[in-house]
Each structure stands twice: as structure tokens, then as C-alpha cells.
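No lab work stands behind these numbers, since they all come straight from the coordinates. Computed from a prediction, not measured in an experiment: that's the story for all the values here. Cβ atoms come from the backbone with ideal geometry, glycine included; neighbour counts cover every protein chain shown.
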Amino acid sequence: MALKIVLFLGSVRQGRNCIRIGNFIKKQLQNKNHTVTVFDPLEMEFPLLKQPLHFHSPNETPPEWLVKYNSVIEEADGFVAVSGEYNRCIPPALTNMMDHFPPKSYRCKPCSIVCYSAGPGGGSTAGMQLRYFLGELGMVTPGFMFLNPVVQNAYAEDGTPAASNDTAVSKAQRLISELEWYAEALKAQTKKSGLP
């Protein structure tokens, strides 16, 4: 089943590496015939969060761009969050972007986690924090977390894995397989019984 996937990139920092992993994951998803929409906080320029969509009163008109992006999230079957690790934490650009939207837009949909770091840890600390964060937004996180240590040597800018990174494709396939399973199961259950 072809799915609609939103791919969240988590960095706006100069020299960011999320674009390497993001390009790789996007290609792997597209190879499975999934439609991928990239939410890039650098390209989309989310402002510092002051008023999320769900904080607007019925008498207020939210910004058009916010409503438009929220519609994409609502229509998605699943998500992938690509996150670096800043001082052992989730990058603020990622949480700032995702917090613009109400939990009900994400609710009962899967979000797979892809993390990376310049060092040997692969972003595992941020990955564990993401499980809490994504869960609070109402998402389900599949078990497999794709960690990418020494990312600057592991992928080219266009997402092509280095020759030494010979497990990248198999790990991405595992990640996508779990995402597909959860997305299809949750979509079917929601259609059958509605949201809890």
C-alpha cells in the first residue's frame, strides 16, 4: 500500500548533516512508492513558536501557511523524524516546528526515528528523548531506531551512502518495513473503530 509520509528534518544549523540522512531516507521511501513531503525548518522558516495552531480562538484567523501545513500532517499516514543531537538533546528547530501543530493532527499515527551524530553515539540520547516527545504529541514510535554515527563520513550530501556504510540500506528497509506495518494497522483500526 502506497502511503503518505511526512519527513521532518531537525536542523537549521550551518553545515547541517540532516540533509544527508533526509535525502537518503526520502529516496528509500520513494523506492517503495510512498509519497514523501519534507518539512524542513530551514526552507519553511518556522518562526519561534508563540501561538500554535490550536491556541487560536474561534474568532481568530490562523496564518494561511499554518493551516496549509497542518492539512498535510492531518492527511499523512505516518511520519519520519530525522534528528541530530545537540548537547545530548533534541534540536530546538525540530521541536519548535512540530509544536506548531495540535496533537490531534498527529494522533494514532506512527513516527519512525532516525538519528545521527558527528561522534560514535549516533544520536541515541536524542532518540530516546524523541520517544517521549512524539508520544506526547499522540504518535506511536515503532521499535527500531535508525542510528547513524560519524554521519559526515557515512553519507554524501545527496544521500548516497559511503562505501564503508554498507548496512545503511538494510537498516532503512527495516525502518520502513516497521513504519508501513504500523501505518497500515493503525489506519485500518481507525477506519474500523475511529480514534479512541
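Here the range 108-179 was treated as a single set of alpha-carbon atoms; its pair distances binned every 5 Å from 0 give 4, 17, 24, 23, 18, 10, 4, 1 percent. Structural size metrics of the range 33-86, computed from C-alpha coordinates, are Rg and Dmax of 13.4, 41 Å.
I want the local charge near Cys111. Using Cβ-Cβ distances under 12 Å, sum +1 for each Lys or Arg and -1 for each Asp or Glu among the other residues. So the surrounding residues net to 0. Dividing the mean sequence gap of close Cα pairs (under 8 Å, 6+ apart) by how many residues the chain holds gives a relative contact order of 24 percent.
Around the amide H of Lys109, modelled in the peptide plane, lie the amide H atoms of Val140, all under 5 Å away and 5 or more residues distant in sequence or on another chain. Legend: translational diffusion of the chain by Stokes-Einstein, Rh = Kirkwood radius over C-alpha pairs, 10 °C, 1.306 mPa s; D = 94 µm²/s. Can you give me the relative contact order of the range 126-196 as a percent, contacts being Cα pairs under 8 Å and 6 or more apart? The normalised contact order for the range 126-196 reaches 25 percent.
Fewest Cβ neighbours within 10 Å first, please rank Cys89, Cys108, Cys115 accordingly.
Cys89, Cys108, Cys115
Please enumerate, by chain and number, the lysines with C-alpha under 22 Å from the C-alpha of Lys109, excluding those fewer than 8 residues away in the same chain. The qualifying lysines are Lys4, Lys26, Lys27, Lys32, Lys68, Lys171, Lys187, Lys191, Lys192.
Database remark: amide H of Val38 closer than 5 angstrom to the amide H of Leu7 (H placed geometrically; neighbours at sequence offset of 5 or more, or on other chains; Pro and chain starts carry no H).
Scattering from the C-alpha atoms of the range 10-102 alone, worked out with Debye: what is log10 I(q)/I(0) at q = 0.10, 0.22 1/Å? One equal scatterer on each Cα of the range 10-102 leads to -0.30, -1.22.
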